Each structure stands twice: as C-alpha cells, then as structure tokens.
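Worksheet for the structure shown next.
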Amino acid sequence: MDKDRFVEDCIVANRGSDAQAAVIEVLAKAVRRPAEVLAAIGEPREAGINVFHRSESLTIFSATWTPRMYLMPHDHLMWANIGIYTGREDNIMWRRSHDTIEAFGAKALFEGDTASLAIDAIHSVSNPLCRFTGAIHIYGGDFFETRRSLWNAETLEEEDSDGAIIRGMFERENELFRGGKAS
Ligand SMILES: [Fe+2]
C-alpha cells in the first residue's frame, strides 16, 4: 500500500454523492492485503492515533490498541468507516434509550474486515487479544474539532468528548501498558 495514494483515493471517493460507501470501497481494498498496510505504516508498538489526513470533510488515521485495551461507549456525529489491518476490534453497539444508552448489538472485526457506522452510531471498542491491534479509521468530518459524547463505562452517564479527550485515553493506555510490563 502506498499511503499517499491511499489518502488521495479516499479524498476523491469522498467527493461523490454516497461518500461513505465509496470511501469504504477504498478502505476494504487496502485492508484485504493487511501485510501491505503493515509494511506501509508499521507494526503497532503503542496505543495511539496516527493522523494521515485531516480536513473539514474527512479524517483518516490509524488507531492502535494495546493488548486488552477498552474504549468506553462514544459517538462520532459523523459517518465512520473502520478497517482492521492487524489484530481484532470487538464492537458493542449502543443506542440512546430514555436518558441513557442500551447495548443492542455486537460486531467482532478481524484482520481484513471493515465496518460502516452511521452518523448517529454509538459504540464501545475493545481489543480482546494479548497483542496489539491496528485499524484504519475514516470519518466524514473533522474528528478532532467535533464536540460529542462519551458514556461512563460503569454508570453510563453521558459526558462531553472530543478528539483530544479520546487521544488522551490512548495515551493513558500506554502508561498502563508500560506499567504492566514493568511489574
Ligand atoms: Fe469510535
């Protein structure tokens, strides 16, 4: 995979009338050859968000997950496409119910798999493996500028979130991972 070419193809696909479907075609084609994605962007060694492209209408990054990492329920308020290039992401799908949320579905994504999430989707994500997971995440908007919500994992209380808050969570997972390895 050529990373610049991949980003360019996504930008072009995003101009069409059904941008999400066109972009996931580009993404699916890329992660169908996961070894090539790994060769292009590297084996994950820490949790993080590595931004390939960011504009008002499109954000592309690789998200890497430490072993057994968990991310609490959150929304994006824009469409999202996910493609796994190494490891596994387990998604629980949630929906709003009265003044809280309830789980209603699950999707296990393995290497080579893709998933499309609608604008109003809420999901929580975990890496169930004892090794790192890596996925390319593509959003139909500026992921880092948009104010949105996350829900406390224990109480399901809704809180404010944005790209910086999510990024901070990935950073804390690295500290936990390093601490776990040291003990
Ligand atoms: Fe997400």
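Quick note: the coordinates plus some simple rules give every number you see, no bench work behind them. Owing to the predicted nature of the structure, the values given are computational and were not obtained by experimental measurement. For neighbour counting, all protein chains shown are included, and Cβ atoms are generated from backbone atoms with ideal geometry for every residue, glycine included.
Per residue of the range 115-129, what does 6.51 cos²θ - 1.76 cosθ + 1.60 with θ = phi - 60° give for ³J(HN,Hα)? Whole Hz please, x for Gly and Pro, Karplus curve as stated.
The phi angles translate into 9, 10, 10, 6, 4, 9, 5, 10, 9, 10, 10, 9, 9, x, 8 Hz.
Using 7 Å Cα-to-Cβ label points, what is the residue 164/residue 103 separation (nm, one decimal)?
Roughly 3.2 nm, to one decimal.
Tell me whether the range 55-183 comes out rounded, prolate or oblate; compute the Cα gyration tensor, take square roots of the eigenvalues as a ≥ b ≥ c, and use a/c under 1.5 as the rounded threshold.
Working: a/c = 1.38, a/b = 1.22, b/c = 1.13.
It is rounded, given that a/c, with a ≥ b ≥ c, falls under 1.5.
Among 146, 93, 110, which residue has its Cα positioned farthest towards the positive end of the charge dipole of the range 74-183, with +1 placed on the Cβ of Lys and Arg, -1 on the Cβ of Asp and Glu, and the dipole taken about the Cα centre?
Going by the Cα projections, it comes out as 110.
As an exercise, identify the trypsin sites (Lys or Arg not before Pro) in the range 98-163 lying in DSSP coil whose Cβ has no more than 14 other Cβ atoms within 10 Å.
Sparse-neighbourhood loop trypsin sites (Lys or Arg not before Pro): 131, 147.
Scanning the chain for GluC sites (Glu not before Pro) in DSSP loops with at most 15 other Cβ atoms within 10 Å, what's the longest stretch left with none?
Result, exposed sites excluded: 57-144.
Quick one: putting +1 on the C-beta of Lys and Arg, -1 on the C-beta of Asp and Glu, what dipole do you get for the chain around its Cα centre, in Debye to the nearest 20?
Details: 20 positive and 29 negative charges, 129 e Å.
For this selection, approximately 620 debye.
Given an 8 Å cut-off on Cα distances and at least 6 residues of separation, report the relative contact order of the chain as a percent. Write down the numbers at each step before the final one.
On the way: 411 pairs, mean separation 46.7, N = 183.
After rounding, I find 26 percent.
Name the residue farthest towards the positive end of the dipole of the range 1-107 from the options 66, 6, 22, assuming +1 on Cβ of Lys and Arg, -1 on Cβ of Asp and Glu, about the Cα centre.
66
I'd like the distance between the alpha-carbon centres of the range 1-30 and the range 42-90, rounded to an integer number of Å.
16
Please report 51, 37 as a ranked list, fewest other C-beta atoms within 10 angstrom at the top and most at the bottom. Walk me through the intermediate numbers first.
On the way: 51 14, 37 25.
Fewest-to-most ranking of 51, 37: 51, 37.
Taking amide H positions as placed 1.01 Å from N in the peptide plane, with prolines and chain starts having none, which residues 5 or more places from residue 47, or on another chain, fall under 5 Å of its amide H?
When sequence neighbours closer than 5 places are left aside, the close amide H contacts are 66, 174.
Taking θ as phi - 60°, what are the ³J(HN,Hα) couplings along the range 46-53 by the Karplus curve (6.51, -1.76, 1.60), each to the nearest whole Hz, with x for Gly and Pro?
My calculation for the range 46-53 gives 7, 6, x, 10, 10, 7, 8, 7 Hz in order.
Enumerate the amide H contacts of residue 57 below 5 Å, restricted to partners 5 or more residues apart or on another chain; note that Pro and chain-start residues carry no placed amide H.
Those qualifying (amide H under 5 Å, at least 5 residues apart or on another chain) number zero.
Order by neighbour count: 64, 100, 146, fewest other Cβ atoms within 10 Å first, most last. Please list the in-between numbers first.
Details: 64 27, 100 12, 146 16.
By the 10 Å Cβ count, ascending: 100, 146, 64.
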